[in-house]
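So the structure is just underneath, and the comments pick up after that.
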Amino acid sequence: MRKFEFKKLVRDNIIKAMQNDPGQKTTWHKLDSKEFIVELIRKLLEEASELRVASSEEILGELADIQEIINTILEELEISREQLETEMERKRQKAGGFKERAFVEFNEVNPDNQAVIDIYLRQPGKYPEIK
């Protein structure tokens, strides 16, 4: 048999199909709660990457995958939909939504505004300085 590394969280019916196929021998284990959250987040990032390159026909399916993962994270962390909605509203009140479609290309900061500069310098991967 040829062996392929998988190392990722899969949906329940996928593992069942793998196990029920006599042409496959699948090695897997059940994750504990901490591992499960880590892998759900990794899966969320994977699905978000797939959404980024999805065709218009694939977008709905990718969004469904993302929502399934979010719902599972909420359930695992015992966060209600109401709590999530409340937090979303709090963030909208503080920072707004995305209705304006604002996309910042660059932000130049006066040297005397060290507080803002420090925020950017602490996150060089997110805000690389252009010299």
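The values are calculated or read from the model by the stated rules, or taken from the named source; none is laboratory data. This structure is a prediction, so every number in the text was calculated from the model and none was measured. Ideal geometry is used to build each Cβ from the backbone, glycine not excepted, and the neighbour counts take in all protein chains shown. Only protein heavy atoms, including side chains, enter the accessible area calculation; ligands, DNA and RNA are left aside. Shrake-Rupley method; radii C 1.70, N 1.55, O 1.52, S 1.80 Å.
Take 79-91, 36-48 and order them by the average number of nearby Cβ atoms within 10 Å per residue, most first; the result is 36-48, 79-91.
Backbone phi angles across the range 98-115, fed through the Karplus curve with coefficients 6.51, -1.76 and 1.60 (θ = phi - 60°), yield HN-Hα couplings of 10, 5, 6, 6, 6, 10, 7, 7, 9, 9, 8, 10, 4, x, 7, 9, 5, 4 Hz in residue order; Gly and Pro are listed as x. Taking Cα extents along the principal axes in Å as calculated from this structure, the corresponding entry among (1) 44, 36, 27; (2) 68, 39, 35; (3) 49, 25, 23 is (2).
The angle separating the long axis of helix 33-53 from the principal Cα axis of greatest extent in the chain is about 70 degrees.
Rounded to the nearest 20 debye, the dipole magnitude of the range 1-83 is 560 debye, with +1 charges on Lys and Arg beta carbons, -1 on Asp and Glu beta carbons, and the Cα centre as origin.
Measuring with a 1.4 Å probe in the full set of protein chains, what accessible area per residue, in whole Å², belongs to the range 1-94? Provide the component values of the computation, followed by the final result.
Details: 8190 Å² over 94 residues.
For the range 1-94, the solvent-accessible area averages 87 Å² per residue.
Length gained on full extension, D118 to L84, computed as 0.36 nm times the residue gap minus the Cα-Cα distance: 9.2 nm.
In whole percent, and with a 1.4 Å probe on the protein chains, what portion of the accessible area of the chain is carbon and sulfur? Don't skip to the end; give the middle numbers.
Numbers: 6590 of 12170 Å².
Summing carbon and sulfur atoms, their accessible area is 54 percent of the total for the chain.
Each of A54, P22, L84 was scored by the projection of its Cα onto the charge dipole of the chain, and the greatest displacement toward the positive side belongs to P22; charges sit on the C-beta of Lys, Arg, Asp and Glu.
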